[in-house]
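The structure appears right after this line, and notes come after that.
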Amino acid sequence: MTRVPGMYGEIKLLAGSACPELATEISDYLTRTTGQYVPLLDASIEKFPNDNIFVQLNESVRGQDVYIIQTTGAPVNDNLMELFITLDAVRRDSAGRITAVIPYMAYSRTDKKDLPRTPITARLIADMIQIAGADRYMTIDLHAGQIQGFFSIPGDSLTARYLIVDYIRETLPTDNMVVTTVDLGFAKGGRNWARLLNVPLTFIEKRRVGTETRAHAIIGNVRDKDVLLVDDEMDTGGSMLQAVELLDESGARDITVAFTHAVFSPPVHERLRQMSERVREFVFTNTIPVPPEHRLPNMTILSVADLLGEVIRRAHEGVSVGALFDE
């Protein structure tokens, strides 16, 4: 069937409790670009004393094109359960189409069985999103591309790489730059960064020492180079700290750290302070909110609101999303 712009009714945005500021920015972007006021839906989201989550829509979404904006950083399980319950509430109000907008998708590291008798939790999360009522999904920089195949519903798997690269180009000279990946597992991602910036690529090689995996060597030359150290996320910061220390020991002139998701699990804040002594700047996005008390002076947080807002607009109007990235 030919897609007719607006066939699902009007755009309706519903903000979960995990990223209300980002949801407000998306609402502002759509209001500016569509010429129509696109407010956030009035909804009540409560947590009862027994830890049960309750969601009530205070206005109808019957026949409308609904986008539920909920990231899944800490507390991960609360945020996921809230997403599932919200999806169910919207489905039961007979929405025309429901899209789960998940800037950061938790459990995406558990995308395969790498030990006996273990789950593939990323597949389970994809199934639960669909069962709860989503017709589509939207997310940014999945830890592994194959997770897209876990969904049987259509979706948009986006990247914030272009956003961060544009910022790097505007603020840093690239004539002496090299891109370095935190480990060989991010080699393909690193190649994409290096290609966009038109600079050489180097890698950190890790080796297991006893029960620990340590940054062992650098494949490529970083001496007297301005290094852009990249990954998709920073969790506890252990691998990133080791990489920064190894780059410093190897004679890197300047180090900038760039990634998409600030997962920031303990003891990351102590490690960030350690890295700050050697890192010029940390550049990442607001797919997961970072409280002001956990920010450092050399952190730059880029908003993905315009990216998500534009993709929401294109999805609603039936316009190509790939064209946004010249694909």
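Quick check on Arg207: is it free of Cβ contacts under 8 Å to residues at least 12 places away in the same chain, on the phi < 0 side of the Ramachandran plot and not aliphatic (A, V, I, L, M)? Taking the combined requirement at face value, the residue satisfies it.
Residues checked against (1) more than 16 Å from the chain's Cα centre (by Cα); (2) in contact (Cβ under 8 Å) with a residue 60 or more places away in the chain; (3) open to solvent by 60 Å² or more (accessible area, probe 1.4 Å):
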{"residue": "Asp248", "(1), (2), (3)": "yes, no, yes"}
{"residue": "Asp254", "(1), (2), (3)": "yes, no, no"}
{"residue": "Ser265", "(1), (2), (3)": "no, yes, no"}
{"residue": "Leu272", "(1), (2), (3)": "yes, no, no"}
{"residue": "Met275", "(1), (2), (3)": "yes, no, no"}
{"residue": "Asn286", "(1), (2), (3)": "no, yes, no"}
{"residue": "Arg295", "(1), (2), (3)": "yes, no, yes"}
{"residue": "Met299", "(1), (2), (3)": "yes, no, no"}
{"residue": "Leu308", "(1), (2), (3)": "no, yes, no"}
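Does Ile312 fit the bill of being under 13 Å from the mean Cα position of the chain (by Cα), touching a residue at least 12 places away in the same chain (Cβ under 8 Å) and farther than 17 Å from Ile168 by Cα? No: the conditions fail for Ile312. I want to confirm something. Restricting to segment 110-129 and keeping residues that are in contact with a helix residue (DSSP H, G or I) (Cβ under 8 Å, 6 or more places away or on another chain) and not in a loop (DSSP other than H, G, I, E, B), which single residue is surrounded by the fewest Cβ atoms within 10 Å (Cβ to Cβ)? Per the stated criteria, the residue is Asp127. If we keep just the residues of segment 254-284 that are of a type in the set (Asp, Glu) and out of contact with any strand residue (DSSP E or B) (no Cβ under 9 Å at 6 or more places or on another chain), which is farthest from Leu142 (Cα to Cα)? Among them, the one singled out is Glu277. For segment 67-76, the criterion of being open to solvent by 70 Å² or more (accessible area, probe 1.4 Å) and modelled with pLDDT of 95 or more is met by at least one residue. At least 3 residues being aliphatic (A, V, I, L, M) and under 26 Å from Leu142 (Cβ atoms) is the threshold, and among the strands (runs of 3 or more DSSP E) wholly inside segment 18-106 those reaching it are 65-69, 97-102.
Would you please list the contacts, defined by Cβ atoms under 7 Å and residues six or more apart or on different chains, that run from a residue in segment 128-152 that is more than 17 Å from Gly73 (Cβ to Cβ) and without any contact (Cβ under 8 Å) to a residue 60 or more places away in the chain to a residue that is part of a helix (DSSP H, G or I) and of a type in the set (Lys, Arg)? So the pair list comes out as Gly133/Arg91; Phe150/Arg123.
The values are calculated or read from the model by the stated rules, or taken from the named source; none is laboratory data. Because the structure is predicted, anything quoted here is derived from the model rather than measured. Quick reminder, even Gly has a Cβ in these numbers, built from the backbone with ideal geometry, and neighbours come from all protein chains shown. SASA here: full protein model, heavy atoms, side chains in, ligands and nucleic acids out. Shrake-Rupley method; radii C 1.70, N 1.55, O 1.52, S 1.80 Å.
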